[in-house]
1. Which of rounded, prolate, oblate describes the range 58-111, given a ≥ b ≥ c as roots of the alpha-carbon gyration tensor eigenvalues and a/c under 1.5 marking rounded, otherwise prolate only if a/b is larger than b/c?
2. Given the -39500 (n - 2.57) contribution per DSSP H run of 4+ residues, what per-residue ellipticity at 222 nm results for the chain, rounded to the nearest 500 deg cm²/dmol?
3. Stretched out fully, how many nm does the piece from F41 to Y102 gain, at 0.36 nm a residue minus the Cα gap?
4. If I build a Gaussian network model for the chain, linking alpha-carbon pairs within less than 10 angstrom, which residue out of D69, D46, D32 has the largest mean-square fluctuation?
5. Work out how much length R109 to V5 would gain on full extension: take 0.36 nm times their residue separation and subtract the Cα-Cα distance, in nm to one decimal.
6. Based on the Cα atoms of the chain, what semi-axes does the equivalent ellipsoid have, where each is the square root of 5 times one gyration tensor eigenvalue, given in whole Å with the largest first?
7. Using the structure shown, list the pairs from K54/K88; K61/K104; K2/K108; K2/K54 with a Cα-Cα distance above 30 Å, or answer none.
8. So what's the angle, to the nearest 10 degrees on a 0 to 90 scale, between helix 39-71 and the longest Cα principal axis of the chain?
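What follows is calculated from the coordinates using simple rules that are stated; it is not laboratory data. Please read these numbers as outputs of a predicted model, since none were measured by experiment. Glycine also receives a Cβ, built like all others from the backbone with ideal geometry; neighbour counts cover every protein chain displayed.
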Amino acid sequence: MKDGVPPSADYLADVELLAQLYARPVAGKSVDLSGSNRVAFLAEEDARLAAVLKETEAARKAVKAEVLDLLKDAEVGLVDGEVVLTAKRVDVPAHQRKASSYRKIVWKREAEA
């Protein structure tokens, strides 16, 4: 803090810190964000990144499916006699999820407003 002014947040670096700092919202409390020129941008950016993530995840699943189709039931893929990939079976034991909590952010889209 310099001259009583806190430093600007580095949101990539500070995500966990901010999540902990604001982990417990006050029930029913609201804040007027009308003066913030970032709200509309953040809503649009969140929607855009969610779409990119969904598209990327779908594309990656397609790549994995094609690899499995190339391998069939083989564990190891070779090119010119060299191992270029493996696809071994991984069995994950059943487990119970550890209790946790987090803040779920839900944007009200224009269609819903």
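1. Values: a/c = 3.93, a/b = 1.84, b/c = 2.14.
In terms of gyration-tensor shape, oblate.
2. -13500 deg cm²/dmol
3. Between F41 and Y102, full extension yields 19.6 nm more.
4. Of the options given, D32 has the highest mean-square fluctuation.
5. Details: separation 104, 0.36 × 104 = 37.44 nm, distance 3.39 nm.
Here the segment from R109 to V5 would lengthen by 34.0 nm.
6. 43, 20, 18
7. Numbers: K54/K88 26 Å; K61/K104 26 Å; K2/K108 36 Å; K2/K54 41 Å.
Checking Cα-Cα distances, K2/K108; K2/K54 exceed 30 Å.
8. On a 0 to 90 degree scale, this one is about 10.
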